[in-house]
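Participant: The structure that follows is given in the form of structure tokens.
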Amino acid sequence: MKLYDNNQAPNPRRVRMVLAEKGINDIEMMQIDLSAGGNLTPEFCVKNPFAKVPVLELDNGFCLAETGAICRYLDELYEGTCLYGKTLEERARIDMWDHRMALGLVISVAMGFQHLSGFFKDRMTPIEAWGKESVSNALKVLPILEKQLADNTWVAGSEFSIADITAICAIDFARVIKIRIGDEYPSIQRWYAAMQERPSYKA
Ligand SMILES: N[C@@H](CCC(=O)N[C@@H](CS)C(=O)NCC(=O)O)C(=O)O
């Protein structure tokens, strides 16, 4: 299999962290240069008509896009740490928090970045007001996450899961819109330190 990746963007990092957590090392990594429009070429758009990374190309040629779908596929295909929970309730809880982190944080941080930095102005129209609104939407998630992590070791509960991976990729990328986890968030800081201890953090 091949993973079409970019080593600066948050969504591909979610997949690389899954690879690291599960000890998967038989996937060929293909670096796509987003600033040069490597994702906009006709060849790439055949793999993903939405022109986004990551994309996982299976050995039969099928191209699986959408970070959540790729992470879940890899989790089920490979043995090792289960990132999506074992019981029905665990799976539902992890899904809930993973969606909250993906929709509430990853997307808001990405929109803040795209609409305030002008990084993709060759392919979209940045709208400053939407960028600011997105930063404020991302900030609104932090007190909720703080409460959750005050009551639980990991984002979705007592077990490490895909929700932790989604959250850390959003929070690290949030530096580009000047969001930092300050002392008003001691539980997020405790969790962040624990995430940094995991070998997958460097993915
Ligand atoms: N819904 C997609 C979004 C993926 C996405 O937004 N990828 C970004 C990098 S994090 C990208 O490829 N951006 C390039 C562009 O917008 O031109 C997913 O969940 O995988």
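The values are calculated or read from the model by the stated rules, or taken from the named source; none is laboratory data. A quick note: this is a predicted structure, and the numbers were derived from the prediction, not measured. Note that we place each Cβ from the backbone using ideal geometry, even for glycine, and neighbour counts take in every protein chain shown.
Participant: If I filter segment 82-96 for residues that are of a type in the set (A, V, I, L, M, F, W, C), touching a residue at least 60 places away in the same chain (Cβ under 8 Å) and in the same structural domain as residue 123 (by TED's automatic domain parsing), do I get at least one hit? Even if it seems obvious, please write down each step before you answer.
Facilitator: Start the filter on segment 82-96 by keeping residues that are of a type in the set (A, V, I, L, M, F, W, C), which leaves 82-83, 88, 92, 94, 96.
Next, only the ones that are touching a residue at least 60 places away in the same chain (Cβ under 8 Å) stay: 83, 94, 96.
From what is left, the residues that are in the same structural domain as residue 123 (by TED's automatic domain parsing) are 94, 96.
Looking through segment 82-96, at least one residue is of a type in the set (A, V, I, L, M, F, W, C), touching a residue at least 60 places away in the same chain (Cβ under 8 Å) and in the same structural domain as residue 123 (by TED's automatic domain parsing).
Participant: Output yes when any residue across segment 120-128 is within 22 Å of residue 17 (Cα to Cα) and touching a helix residue (DSSP H, G or I) at 6+ places or on another chain (Cβ under 8 Å), and no when none is. Break it down stepwise before answering.
Facilitator: Quick first cut of segment 120-128, residues within 22 Å of residue 17 (Cα to Cα) only: none.
No.
Participant: Let me ask another. Kindly provide the set of residues from segment 163-180 that are surrounded by 18 or more Cβ atoms within 10 Å (Cβ to Cβ) and more than 14 Å from the chain's Cα centre (by Cα), ordered by number.
Facilitator: 177, 179 - these are the residues of segment 163-180 that are surrounded by 18 or more Cβ atoms within 10 Å (Cβ to Cβ) and more than 14 Å from the chain's Cα centre (by Cα).
Participant: Among 163, 129, 102, which is within 12 Å of the ligand (Cβ to nearest atom) and either within 30 Å of residue 36 (Cβ to Cβ) or in contact (Cβ under 8 Å) with a residue 40 or more places away in the chain (or both)?
Facilitator: Details: 163 fails: within 12 Å of the ligand (Cβ to nearest atom); 129 fails: within 12 Å of the ligand (Cβ to nearest atom).
Only one candidate qualifies: 102.
Participant: Would you kindly identify the strands (runs of 3 or more DSSP E) lying entirely within segment 1-116 that contain at least 1 residues that are within 14 Å of the chain's Cα centre (by Cα) and of a type in the set (Asp, Glu)?
Facilitator: Values: elements: 2-5, 28-31, 55-57, 63-65.
Where strands (runs of 3 or more DSSP E) fall fully within segment 1-116 and carry at least 1 residues being within 14 Å of the chain's Cα centre (by Cα) and of a type in the set (Asp, Glu), they are 2-5.
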